[in-house]
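Shown next, in structure tokens, is the structure this report addresses.
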Amino acid sequence: MIDGQKKTIKEIAIKLNARSFFPFEAPFQPFIDWAKKCSTIGSSPVRLLVHKEKGLFISFRGARGINEYIESPNNSKDIYTPCEKPCLTACPVSALNQDGYDVIRCKEHLNTASVQECIDGCLVRRSCSSGQNLRLKEQSNFHMNAFLSH
């Protein structure tokens, strides 16, 4: 996570008299479960979170915990509209499919020559009809290169 994002989340939490949580920092919190309680987020066929408008281009950098309970209307139901499920077959090396995500296979593929189409944005994420045109190629390229550097 970029330090600026973490700093911003912490600053907002302080202003709201809330606590801040981060997905890759102990103590680890159930971010996916929390996200699926939102009325606009659910599970996709490839086991990534999917947003009803942003599609597979959704991620969580942090959360704020407040001291009151808010009832969720979603109750962890899947929100994606039944479709042809192009995400199940979009990855050229099947690194991301209904069984999960093989990070090693993905990185090995991305480190080969002539994979610019994947570097310009994960084909699985781009295959979802929801939100597929919302992310700029340059933004996806930045994230894919950051992914490869770790």
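The values are calculated or read from the model by the stated rules, or taken from the named source; none is laboratory data. Nothing here was measured: the structure is a model prediction, and the numbers come from that model. Reconstructed Cβ throughout: ideal geometry from the backbone, glycine too, with neighbour counts over all protein chains shown. Heavy atoms of the whole protein, side chains included, go into the accessibility calculation; ligands, DNA and RNA do not. Shrake-Rupley method; radii C 1.70, N 1.55, O 1.52, S 1.80 Å.
If you count Lys pairs in the chain whose Cα atoms are under 13 Å apart, skipping same-chain pairs closer than 8 places in sequence, the total is 5. For the chain, the 222 nm mean residue ellipticity estimated from helices alone, with every DSSP H stretch of n ≥ 4 adding -39500 (n - 2.57) and the total spread over all residues, rounds to -8500 deg cm²/dmol. When Rg and the Kirkwood radius Rh are both evaluated on Cα atoms of the range 31-150, their ratio Rg/Rh stands at 1.00.
Here the peptides 125-135, 45-55, 24-34 are ranked by packing, the mean other Cβ count within 10 Å, and the order with the highest first is 45-55, 125-135, 24-34.
Dipole check for the chain: with +1 at the C-beta of Lys and Arg, -1 at the C-beta of Asp and Glu, and the Cα centre as origin, the magnitude is about 320 Debye. Figure legend: label point modelled 7 angstrom from the Cα of residue 102 along Cα→Cβ; residues of the range 113-150 with amide N under 19 Å from it are 113, 115, 118-119, 122-125, 148.
Please tell me the relative contact order of the chain in percent, rounded to the nearest whole number, where contacts are Cα pairs under 8 Å and at least six residues apart.
This gives 22 percent for the chain.
Placing dummy labels 7 Å off each Cα toward the beta-carbon, the span from residue 67 to residue 53 is 3.3 nm.
Say R0 is 35 Å: what FRET efficiency, to the nearest 0.05, do residue 115 and residue 11 get from their beta-carbon distance?
It comes to 0.35.
Of 21, 142, 60, the residue with the largest accessible area leads and the full order is 142, 60, 21 (1.4 Å probe). The mean sequence separation of alpha-carbon pairs under 8 Å and at least six residues apart, normalised by the residue count of the range 81-150, gives a relative contact order of 31 percent. Per residue, the solvent-accessible area of the range 79-123 (1.4 Å probe, heavy atoms of protein chains only, all protein chains present) comes to 62 Å².
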